[in-house]
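Asker: Please read through the structure below; I'll follow up with questions.
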Amino acid sequence: MAGTQHLLEVKNLTTRFHTEDGVVHAVNDVSYTLNEGDTLGVVGESGCGKSVHALSIMRLIQIPPGEIAGGEVIFRGRDLLKLSDDDMRKVRGAEIAMIFQDPMTSLNPVKTVGFQIMEALMLHKGMDKASARERTVELLTLVGIPEAAQRVDDYPHQFSGGMRQRAMIAMGLSCDPSILIADEPTTALDVTIQAQIIDLVKRLQHKFGMTVIWITHDLGVVAGLARRVNVMYAGRIIESGPVKEIYANPHHPYTVGLLGSLPSHGGRTSARLFSIPGEPPDLVGLPPGCAFAPRCQYQTPRCFKETPSLEEVGLGHTAACWEKDKVRRV
Amino acid sequence: MFKKLLWPVAGLLIIAGMVLAACTTPTPEVIKVVETVEKIVEKEGETITVIETKEVVVTATPEPVKPVEFKSADPNTMVFVSIGENIDTLDPAWNYESDGDAVILNVYDQLVTYKGASATEFVPALATDWTVSDDGKTYTFNIRKGVKFHNGADLTPEDVAYSLRRGLLQGGTNSPQWLFTEPFFGIGIYDVAELVDPEGTLDDDPEALKAADPAKLAEACQKVVDAIQYDDAAGTVTMKLATPWGPFLATLAQSWGSILDKDWAIENGTWDGDCATWQNYYGVTSETSPIRDKVNGTGPYMLESWTPGEEKVLVMNPNWWRTEPVDVGLPTKPSIERIVLKGVSEWGTRFAMLQAGDADIVSVPRGNISQVDPLVGEWCEYNLETAGFDCEVKSDQPLRLFKGAPDVSRTDVFFTFDLNVEGGNPYVGSGQLDGNGIPADFFNDIHIRKAFNYCFDFDSYIREALAGEAVQVSGPLIPGMIGYDVNGPKYAFDMDKCKEELQLAWDGQVWEKGFRLQIAYNTGNVTRQTIAQILQNNFASIDGKFRLEIIALPWPTYLAEFRNSRLPVAVSGWIEDLHDPHNWAQPFLIGTYAGRQNLPQEMWDMFNEMVMAGVAETDEAKRAEIYKQITQVDYENAIAIRGAVVTTRSYWQRWMGGYYYNPIYGWDSRYYTLTKQ
Amino acid sequence: MINYIIRRLIMVPFLLFGVTVLIFLMLMALTPVERTALYVRDVPRNERVLQGIIKKYGLDKPWYVQYWRWLFGTTVTTTENGVTTVEHVGGILRGDLGYSRTASQPVAELLARRFPASLELTLYSVVPVIAGGILLGVIGAVKHNKLADHIVRIFGIVGWSFPDFVFGLLLLMAFYAGTGWFPPGRVSDWANKIIMSPEFRNYTSLITIDALLNLRIDIFLDALRHMVLPVITLAYLWWALTLRVTRSSMLETLRQDYITTARAKGLSERTVIRQHALPNALMPVVTLGGGTVVGLLSGVVIIETVYNYPGMGAAAARAASQLDVVTVLAFVLFNGLILVLANVVVDILYAYIDPRVRLD
C-alpha cells in the first residue's frame, strides 16, 4: 500500500460562489487523503459539491464568481492552492488529469480527436507532431478504439458515445498523470457501455498503477470500482470509508437512504423504489446544524443546532451524525 | 502562431500606412503658369491695348480691392463644385440646360457674343462684322480667318453654315431649335418636320419622317440650305429670315449657335451634309446624338474629360483666336489651365472643401448662407444701374460674396378674366356679387385689378418670403434686358389707394357688399403661399367682408385648373429660355399666361400688335422703345401683379479674380476671364 | 470537404437563375412603355413612336419570350432606303443592361465604373472593420464585466448609435476642412489626370493596385489618403455589430464544457481562447462578415455621399430617388448576384471551420 506520505491531502477545502441570490456554499470544509494506487469514489446527489470540490482541486473554478475560500490541497508535498498560474498549468493534465461527464460537449466539436489528444502531449511531453500522433494512435488503441490510425483524424461527432468517452479517457491518460479524476464519466452513457467503460478504467488502473477519483451519484457504479468512498451532502463529507463497510454498515441516515434507493440487483422486483423524502437544501442560506436534519428520520433538536463532524465508527470508517450509533441499514 | 493577432496588426498597419500617406502631401506636377501679356492690336486704324488684370473686374465703376494676400495651393486649377453633375448632352444643337451651357459656352464659340456684362450689346466673335438688310430679313456675316478648332482644323464659312443647318435638320421639339425655326421659317413653326407636314404630325417621329414623300423631304432640306448660305471664297455666311426678328443676334449668341467643324462632326456620325439623307439624322435624341459626349470647338477651353455623375474637366486652349477683348479691361486669353466642374451632393462636404481651399466656388443652398457668411471678407453688391458690382473689403476672411444680381425667373399673381364656370366652379363662392362670391367676370373690372395691386405689400413679400433678396420689377420683363427700365412704372403698396379702387369697383357694389373668392397655389410652395396670405391679410384689414380664402392644390390639379381658366386668382412662375424681352412679353401678354387668363379679345389684339412689332424690330433703340411702351400698357391695365425677381448669391475664394456678371450667363462664367492666384 | 464545396458550387447557377426570374417578374410589373428604356436610350414621348419601339423589341410578347429576350437579346431587322440591317440588341447576358437616364450612360458602363470603387473601399475596409470588431468582441468577452469589457461595450454602442453622416462630416471638419489632410473623393485632381491619360494602364480598375502596377507610389498614397476617413467612419460604425456578435458568441462559447476540458489539460489561457474558443465563437461572425462584405460591395450610400466617393450606393440611390427603374433593377440584379456568391463563400467557410456542417 502507500508509503507514509499521502499522494494527495485535501484539508478543509471550502469553496463559495458569489451570486446575485447570495453566497452559495458549495464545498464546506472537505478533508480527506488519497494514497498512491487508491481508487476513491465520491458519491452524492446533484449539487452536493462533489464536482465542485474536484474542480477546486484542479483550480478550474471561475474566479469570480467563485472563490476558494479556505483549505489546502497538498499534492506531493505542495499546496496546489498556493501555486502560481503557470505552475498549476504544469500540474493540470500532466500530473492530475480530469475527464468529464458528457463527452459530446466536453470535446471541442471543431477539432479532431487526435488533435485534442496531441496538444496535451506536445505541451506536457514536449513531443513533436509526428511522435505525438504516433503516441495518440497507441493511446486510442489502448482504450479500445478500433482502427485508431484512421480515427485519429475524425471529429467527435463521428464517434459514438462510448467511443467518445474512451477517447476522453485516452486524453486524460495521455501524459501519464498520477491522479485521474473522473467526473461522472458514465452518467451520460447507457448501461452496457457504462460497464465497458468502468471495466476499461479498472484495467488501465491496474496496468499503470494510477490513482483514481471517481465522482458519481450512482452507488452501484462505486461498488464495482472503488475501494473507498466519500459520501457528500450539502458540500460536506458526511460518511467516508471502505466500500464494503459502508454498504454493509452505513452509519449516516443519508447513506442509508442512498443505499435503500438503489434498485435491487436480484431482489424482489415488485418492491417499490425507496426515495429519500424532502429536497436537498438550498446552499445559499444554510442553517446551522446538520444539513440533512430536515429530512432525517433520526433527527433530534441537537441536529438542528450543532453541525456534526466526522467521527470514527469503524476501521477507516467515519460518519458525521449525532445519531450514528442508531443508524441501521434498512 | 500569432494568427489571431495577425489580422488586427495588419489592420493597424494599414491604418498607420494611411496616416503616413496623409502626412506626405502630394506634390502636383509643377507647371508653368501662363501669364498673359500686354498686347497691342491694330484694328481698323485703332490701337487697342489689352492688359491682363488680377483685380476684381467691375465694368462700369472699377474699385480696386486687394486680393493679393490670398494664395491658393494650386493656381493652375479652378474647382467649381455644384450640387450635382448630370447633364444630358454636350451637343450644342440639343442642349437646353444651363448646366450644359456652362461647358458649351466655354468650349465652343458663336458668331457673335455679348459685350462684357452687357445683355444688350453684341461684339464680334467668329464673325468679324455683319450687316443687316433694310427689311431686316437678311444677315450677312464676315467669318473670321485664322481660327482653328481644337483638333487643328481651320474654321471656314462652310462650317458655320453646316452647324446651323445641321441643328435645324436634327430638329426635336424638346431642343432649342424652335428658337431658330421661327425666325427662319415663320412664327408658329417649331420644328423642321413642320416644313414637311405643317400639321406637325411628323414632329419627333423619325420613322414617320423617313417614310414621307422624298420630294417633300428634299424640298424641306432645300429650304434650310437656302436660308443659310455660305461663300468660302468671299468668307461670308448669309442668312435669310422669313420675318424680321429682333432677338436674332441674341439667339445666335447663345449655346445653340455654337459652331462645329463639319468634317469632324461627319467623321463622328452626324449628318453628312447631303439633302438626300437628312431624314436619317432627324430626331436623334439628346442621348443618342453622336457628338453627345465629344467636343471639338474653337473656344478658349477644351473638354478633357467628362465622367457622368462626377465631374467634367476642361483644359485651356492655348491657340484661342481672340485678340480683342469683349469689353474694356477684360483679357483675351484664358489664364487658368484647368477647370474642374464637380458635383458633390452633400452640403457639408462642399463646405468642407471650401474651407480646405480645395474648392474655389461652391453652390450654397439658401438655407446655409448663415454658415458661410462669417467666412466672407469681401462683400460685393450688384448695382442695377451700372450692371456691375460695388465691392467692399470688411475683414480678412477668405471668401468673397457676390450678391444682388437678379435671377432669371419671376413669380406673378394672375387674374382670370371671364372665368370658366362650366360645370360649377368652387373658387367663386356664390358666383354672384352678393358678398358671398364673385361673378365670372369679376376681374374684368380694372378697379379690382388695381385694388389687388395696391393691396399687395411688395416689401413685406420680399422681406419675408424671399429673405430680403429680391427686386420688384416693372412690367412683364425682367431687369437687364433691352427695353427694361429700372425706373419704369410699378405699383407700390398703398392701402388708401386700394380702398379707393375698391370703392370704384363695380359701381360701388363691391364696397357695399364685399366679395369672397379663393386664391390658389400649388401645395408645398411656401413662397406662393406667403403671397396669398399677404393679400388675404391686407384685404381683411380693410374690412372683414373682403374675403380671400387660400386653397392649396396638388400640382397636377392646380395646373389643370389654371390652364382651363377656372382659377380667379392664381400664383405662378416662369423661368426664361432666352434673355430677350420677347421671351417674357410673348408668354405673359399673348401666349401661355394670356391664354390662361382669358384676356378679352380687344386687349389681346392690342398686346399682340405691340409684341409682334417688338420681335420684328431689329434696331435696338427702337426695340427698347416698343418694350417700354408695352411695360406702360401692362402697368395701366394691371392684368396681373408683377412680382419680384430673386437676387442671387455666389461665394468665391478671394484668390479668384476676373469675374463679371452677365444675366445671359448667370453664374456660369466665361472662364477665360477668370484668374487665380 | 471537396464534395461539399462542389455541391455548393453546383447550386450557384440555379440560385442565379432564381434571382434573374425574380428580377424579371419585377420588371414585368412595369408597363411596356417603361420597359423600352432597356433597349432604347431615349424614351420618346410620341405615342406612335413608342408603339413602334414596343413592337420592334417585342415588349408585348408573352412573358417567356420576353424573359428569353431579356437574357439573350433580340434580333432587330430594319430596312432603310432599301438597305436592310440586322442587329442584335440587348440581353443582360450579353452585357447590355439598358440605359440609365439618371447617369447619362449605359447601365453596364455605370456599373463598370462604380463597382471597382466600391470593391476597393471594401477591400480596405474589410480587415479593419471585421478584424477590429472581432478583436474588440474577444476582449470584451474575455474580460467579461471588467473595465475593458465596459469600455468596449460603450464604444460599440456609441458607434452604432452615431448617425453616420454626422460622424463623417465631423471627421471631415476635423481632419480636412482646416488642414486638408484627408480630402473627399477618390483621388486628387492631379492624380486623376494621370489615371485618365493613356500612359496609365488600368489593369484592375482598382486605383491602389493599378498605381502600384504602374509604379506610381504617389498615386497609390494619394488614393489611400482619400480612403482613410471613409474607412474609419465605416469601421467605427460597423465595429459595434461585429463586436457585439463576437462578444456574445464568445461568452457563450467560453461557458462550454470543452473549454473546461481544454483548461483541464493545462493549456494556457491564450491557447484555450485561440485554439478552442475562437473557432467555435466565430461561426455567427462568419455569417455576419459575409453580410458586411455584401453590404460594403453594394455600396454605402451615406458614406459615399458625405465623402463624395463614387461608389455603388450613391449611384443606386440617385437612380431610385428619380425613379430610374431600369438602373435600379440592374443594381438589384447585380447585388443579388453578389449576395448569392457571398453566401456560397460563407457556406464554404463554415464548412471549413465547423466540420459538422460537411455532413449535409
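The values are calculated or read from the model by the stated rules, or taken from the named source; none is laboratory data. Source: prediction; values computed, not measured. With ideal geometry, Cβ positions are generated from the backbone for all residues, glycine too; neighbour counts draw on all protein chains shown. Protein only, heavy atoms only, side chains kept; ligands, DNA and RNA dropped before computing areas. Shrake-Rupley method; radii C 1.70, N 1.55, O 1.52, S 1.80 Å.
Asker: Kindly state which helices (runs of 4 or more DSSP H) lie completely within region C:205-266 and contain at least 3 residues that are more than 10 Å from every other protein chain (Cβ to nearest Cβ) and farther than 27 Å from C:L170 by Cβ.
Answerer: C:207-213, C:217-254
Asker: Kindly indicate whether any position in region A:46-58 is open to solvent by 20 Å² or more (accessible area, probe 1.4 Å), in contact with a strand residue (DSSP E or B) (Cβ under 7 Å, 6 or more places away or on another chain) and either outside any loop (DSSP other than H, G, I, E, B) or without any contact (Cβ under 8 Å) to a residue 12 or more places away in the chain (or both).
Answerer: yes
For (1) closer than 24 Å to B:Y665 by Cβ; (2) touching a residue at least 60 places away in the same chain (Cβ under 8 Å); (3) open to solvent by less than 40 Å² (accessible area, probe 1.4 Å); (4) of a type outside the set (F, W, Y), each residue gets a yes or a no:
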{"position": "B:L567", "(1), (2), (3), (4)": "no, yes, yes, yes"}
{"position": "B:S572", "(1), (2), (3), (4)": "no, yes, yes, yes"}
{"position": "B:W584", "(1), (2), (3), (4)": "yes, yes, yes, no"}
{"position": "B:G591", "(1), (2), (3), (4)": "no, no, yes, yes"}
{"position": "B:A594", "(1), (2), (3), (4)": "no, no, yes, yes"}
{"position": "B:Q601", "(1), (2), (3), (4)": "no, no, no, yes"}
{"position": "B:E620", "(1), (2), (3), (4)": "yes, yes, no, yes"}
{"position": "B:I626", "(1), (2), (3), (4)": "no, yes, yes, yes"}
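Asker: Consider C:I273 against the criteria (1) crowded, with 21+ Cβ neighbours inside 10 Å; (2) without any contact (Cβ under 8 Å) to a residue 60 or more places away in the chain; (3) more than 8 Å from chain A (Cβ to nearest Cβ): it satisfies all of them except one. Which criterion is unmet?
Answerer: All conditions pass for C:I273, except number (2).
Asker: Does B:W245 qualify as being more than 14 Å from every other protein chain (Cβ to nearest Cβ) and in a helix (DSSP H, G or I)?
Answerer: Criteria not met by B:W245.
Asker: Do you know which of the residues in region B:72-111 that are touching a helix residue (DSSP H, G or I) at 6+ places or on another chain (Cβ under 6 Å) and part of a helix (DSSP H, G or I) is farthest from the other protein chains (Cβ to nearest Cβ)?
Answerer: Once the filter is applied, the top-ranked residue is B:L105.
Condition check ((1) touching a Phe, Trp or Tyr at 6+ places or on another chain (Cβ under 7 Å); (2) of a type in the set (V, I, T)) across all residues:
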site: B:Y108; (1), (2): no, no
site: B:D129; (1), (2): no, no
site: B:V147; (1), (2): yes, yes
site: B:E158; (1), (2): yes, no
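Asker: When only residues in region C:81-118 that are in a helix (DSSP H, G or I), more than 9 Å from chain B (Cβ to nearest Cβ) and in contact with a Gly (Cβ under 7 Å, 6 or more places away or on another chain) count, which is most open to solvent (accessible area, probe 1.4 Å)? Break it down stepwise before answering.
Answerer: Restricting attention to region C:81-118, the residues satisfying the condition of being in a helix (DSSP H, G or I) are C:92-94, C:107-118.
This time we only want the ones that are more than 9 Å from chain B (Cβ to nearest Cβ), so: C:92-94, C:107-108, C:111-112, C:115-118.
Imposing the further condition that a residue be in contact with a Gly (Cβ under 7 Å, 6 or more places away or on another chain) reduces the set to C:94, C:107-108, C:117-118.
Working: C:R94: 127, C:V107: 0, C:A108: 35, C:A117: 0, C:S118: 4 Å².
Once the filter is applied, the top-ranked residue is C:R94.
Asker: Continuing with the same structure: Is there any pair with a first residue in region B:99-113 that is more than 15 Å from B:V315 (Cα to Cα) and a second that is of a type in the set (D, E) whose Cβ atoms are under 6 Å apart and which are 6 or more apart or on different chains, and what are they?
Answerer: So the pair list comes out as B:D101/B:D668.
Asker: If you don't mind, there's one more thing I want to ask. Considering only region B:76-101, state which residues are open to solvent by 10 Å² or more (accessible area, probe 1.4 Å), of a type outside the set (D, E, K, R) and modelled with pLDDT under 85.
Answerer: B:I83, B:G84, B:N86, B:Y96, B:S98
Asker: Being within 26 Å of the chain's Cα centre (by Cα) and open to solvent by 20 Å² or more (accessible area, probe 1.4 Å) narrows it down to one residue among C:L254, C:L337, C:L333, C:L296; which is it?
Answerer: One residue alone meets the criteria, C:L337.
Asker: Step by step: first the residues of region C:179-188, then only those that are surrounded by fewer than 19 Cβ atoms within 10 Å (Cβ to Cβ) and at the interface with chain B (Cβ under 7 Å from one of its Cβ atoms), then the one that is farthest from C:H226 (Cα to Cα). Which residue is that?
Answerer: C:G180
Asker: Can we say A:Q158 is in contact with a Pro (Cβ under 7 Å, 6 or more places away or on another chain), open to solvent by 50 Å² or more (accessible area, probe 1.4 Å) and within 9 Å of another protein chain (Cβ to nearest Cβ)?
Answerer: no
Asker: Got at least one residue in region A:84-104 being out of contact with any strand residue (DSSP E or B) (no Cβ under 6 Å at 6 or more places or on another chain) and more than 30 Å from A:A69 (Cβ to Cβ)?
Answerer: yes
Asker: Still on this structure: Applying the selection to region C:119-178, what residues are away from chain B (no Cβ under 13 Å), closer than 12 Å to C:T233 by Cα and not in a helix (DSSP H, G or I)?
Answerer: Within region C:119-178, C:F162 is the sole residue that qualifies.
Asker: Now for a different question. Return yes or no: is A:A188 in contact with a helix residue (DSSP H, G or I) (Cβ under 8 Å, 6 or more places away or on another chain), within 12 Å of another protein chain (Cβ to nearest Cβ) and either part of a helix (DSSP H, G or I) or crowded, with 21+ Cβ neighbours inside 10 Å (or both)?
Answerer: Spelling it out, it is not the case that A:A188 is in contact with a helix residue (DSSP H, G or I) (Cβ under 8 Å, 6 or more places away or on another chain), within 12 Å of another protein chain (Cβ to nearest Cβ) and either part of a helix (DSSP H, G or I) or crowded, with 21+ Cβ neighbours inside 10 Å (or both).
Asker: Of everything in region B:164-186, what is of a type in the set (S, T, Y) and open to solvent by less than 10 Å² (accessible area, probe 1.4 Å)? Give them in sequence order.
Answerer: B:S175, B:T181
Asker: Does A:P103 count as modelled with pLDDT under 90 and under 26 Å from C:P355 (Cα atoms)? Full working, then the answer.
Answerer: Numbers: modelled with pLDDT under 90: yes; under 26 Å from C:P355 (Cα atoms): yes.
Yes: the conditions hold for A:P103.
Asker: If you don't mind, there's one more thing I want to ask. Assuming B:K628 fulfils every condition listed in (1) of a type in the set (K, R); (2) out of contact with any Leu (no Cβ under 8 Å at 6 or more places or on another chain); (3) not in a helix (DSSP H, G or I) apart from one, which condition is it?
Answerer: Only one criterion is unmet by B:K628, namely (3).
Asker: Out of the strands (runs of 3 or more DSSP E) lying entirely within region B:346-456, which hold 2 or more residues that are closer than 26 Å to B:L330 by Cβ, open to solvent by 30 Å² or more (accessible area, probe 1.4 Å) and modelled with pLDDT of 90 or more?
Answerer: In region B:346-456, B:376-383, B:388-393 are the strands (runs of 3 or more DSSP E) which contain 2 or more residues that are closer than 26 Å to B:L330 by Cβ, open to solvent by 30 Å² or more (accessible area, probe 1.4 Å) and modelled with pLDDT of 90 or more.
Asker: Within the bounds of region B:153-160, is there any residue that is over 18 Å from B:D577 (Cβ atoms), among the small types (G, A, S) and either under 25 Å from the mean Cα position of the chain (by Cα) or buried (at least 24 other Cβ atoms within 10 Å of the Cβ) (or both)? First the steps, then the outcome.
Answerer: Step one: list which residues in region B:153-160 are over 18 Å from B:D577 (Cβ atoms), which gives B:153-160.
With the extra rule that they be among the small types (G, A, S), the set shrinks to B:153.
Imposing the further condition that a residue be either under 25 Å from the mean Cα position of the chain (by Cα) or buried (at least 24 other Cβ atoms within 10 Å of the Cβ) (or both) reduces the set to none.
Looking for residues that are over 18 Å from B:D577 (Cβ atoms), among the small types (G, A, S) and either under 25 Å from the mean Cα position of the chain (by Cα) or buried (at least 24 other Cβ atoms within 10 Å of the Cβ) (or both), one finds none in region B:153-160, hence no.
Asker: Under 6 Å by Cβ, and 6 or more places apart or on different chains, what pairs join a residue from region C:295-307 that is within 11 Å of chain B (Cβ to nearest Cβ) with one that is buried (at least 23 other Cβ atoms within 10 Å of the Cβ) and outside any helix (DSSP H, G or I)?
Answerer: Cβ pairs passing all conditions: C:E304/C:G311; C:Y307/C:P184.
Asker: Would you be able to tell me the number of residues in region A:112-128 that are more than 10 Å from chain C (Cβ to nearest Cβ) and either modelled with pLDDT under 90 or not in a helix (DSSP H, G or I) (or both)?
Answerer: The total comes to 4.
Asker: Another question, then. State all residues of region B:434-448 that are of a type in the set (D, E, K, R) and farther than 15 Å from B:R516 by Cα; if no residue qualifies, say none.
Answerer: The answer is B:D445, and nothing else.
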